[in-house]
Amino acid sequence: MTRYFAGKPVQAVICDVYHTLLEVRPGPADAAEQWQAARGSSLDAFDAACRAAVAREHAARRAAGVPWPEVDWAAVARQADPALAELAPAELQALLQFHAGLQRRCRAMPGAADFLAGLRQAGLALGIASNAQAYTLGELDAAGLEVAGFAEDLCFWSFRQGFSKPDPDVFRHLSARLAARGIAPEAVLMIGDRWDNDVLPARAAGWQAWHFQGQWPR
């Protein structure tokens with residue numbers, strides 16, 4: 001199916017997540033206390049250790065020729081707190097989902113669910129291009145924007161690939177998947193809140209792009 005954006009035909013819509021599909025607010029005021037109760041350790045110390053691990057990983061990947069690297073957050077967390085290596089993968093993922101909820105609280109951007117429902121009803125292909133971690137999928141599901149509602153082959157999750165937007169390979173990867181569906185680049189619309197990560201690289205790939213500024217059409 002085809003719809004039109006600014007007078008141009010659109011057959012697929014690819015969305016950013018944070019500050020586009022999800023509104024991001026500060027975490028709970030008692031985040032440190034909740035972490036202390038759960039882990040018996042300092043949240044500030046854990047976060048500082050995570051930042052140091054991310055910095056090391058980014059430096060190593062850039063030195064290896066990856067300009068926009070992405071980390072595996074589970075591996076980062078195990079570096080920050082070696083005791084986490086004792087947890088089963090499912091237990092560690094649950095802990096990291098909990099930790100993400102202490103960092104910020106997410107909810108669906110007002111109007112996003114209805115807008116996406118309209119696109120699905122019109123028969124457009126929907127995907128995601130997100131600098132994300134595994135907990136991002138849980139945040140979308142919890143907000144009522146189920147990941148299952150997007151075409152799996154049209155979803156780029158940076159944590160699964162090891163690199164992130166605005167790397168042109170993100171858009172080349174998705175363009176190839178779209179081409180396999182018979183969708184040309186000029187019939188793809190990228191929706192995102194950042195010029196550097198979303199709008200400019202999408203246009204460089206031959207896509208259309210909408211700079212989202214906090215208001216979904218109703």
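Coordinate-derived values only; no laboratory data. Note that the structure is predicted; figures quoted are calculated from it, not measured. Counting neighbours? That spans all protein chains shown, and the Cβs are built from the backbone with ideal geometry, glycine included.
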- Sorted by chain and then number, the residues having a modelled amide H within less than 5 Å of the amide H of VAL10, at least 5 places away or on another chain, are ARG3, TYR4, PHE5
- Would you mind computing, in nm to one decimal, how far apart the modelled labels at LEU200 and LEU87 are, each placed 7 Å from Cα along Cα→Cβ? 3.7 nm
- What residues qualify as long-range amide H neighbours of ILE128, i.e. H under 5 Å apart, gap of 5 or more or another chain, H built at 1.01 Å from N? CYS15, CYS155, PHE156
- Potential extension, ARG181-ALA48 segment - 0.36 nm per residue separation minus Cα distance: 43.5 nm
- With x for Gly and Pro, the residue-by-residue ³J(HN,Hα) of the range 122-131, computed from phi through the Karplus equation 6.51 cos²θ - 1.76 cosθ + 1.60 at θ = phi - 60° and given in whole Hz, is 7, x, 6, 7, 10, x, 9, 10, 9, 6
- Task: Give me the distance between the Cα centres of the range 1-53 and the range 168-218, rounded to whole Å.
- Result: 20 Å
- Item | Efficiency of FRET between ALA60 and GLN215 - r from beta-carbon atoms, R0 41 angstrom, step 0.05 | 0.55
- How large is ³J(HN,Hα) for each residue in the range 10-16, as worked out from phi by the Karplus curve 6.51 cos²θ - 1.76 cosθ + 1.60 (θ = phi - 60°), to whole Hz, x for Gly and Pro? 10, 10, 9, 10, 10, 10, 6
- Estimated FRET transfer efficiency when R0 is 41 angstrom, pair ARG120-ARG25 (beta carbons, to 0.05): 0.95
- Query: When DSSP assigns beta bridges and you keep just the ones with both residues in the chain, what percent turn out antiparallel, to the nearest 5?
  - Reply: 35 percent
- Give me the number: length gained by fully extending HIS173 to ALA94, i.e. 0.36 nm times residue separation minus the C-alpha to C-alpha distance, one decimal in nm. 25.5 nm
- Task: Would you mind counting up the charge near HIS211? Only other residues with Cβ under 12 Å from its Cβ, with Lys and Arg at +1 and Asp and Glu at -1.
- Result: -2
- Note on the structure: If N is the residue count of the range 26-105, its Cα Rg over 2.2 N^0.38 Å rounds to 1.16
- Query: Given charges of +1 on the Cβ of Lys and Arg and -1 on the Cβ of Asp and Glu, with all other atoms neutral, how large is the dipole of the range 26-105 about its Cα centre, in debye to the nearest 20?
  - Reply: 300 debye
- Query: From the phi of every residue in the range 64-70, what ³J(HN,Hα) in whole Hz does the Karplus formula 6.51 cos²θ - 1.76 cosθ + 1.60 yield, where θ is phi - 60° and glycine or proline is x?
  - Reply: 8, x, 9, x, 10, x, 10
- Task: Please express the Cα-Cα pair-distance distribution P(r) of the chain as a list of whole percents, one per 10 Å bin, running from 0 to the bin with the greatest distance.
- Result: 8, 31, 34, 20, 7, 1
- Placing +1 at every Lys and Arg Cβ and -1 at every Asp and Glu Cβ, with all other atoms neutral, what dipole size does the chain have around its Cα centre, in debye to the nearest 20? 640 debye
- Task: Compare ALA37, ALA117, ALA129 in a GNM of the chain, Cα atoms joined below 10 Å, and give the one with the largest fluctuation.
- Result: ALA37
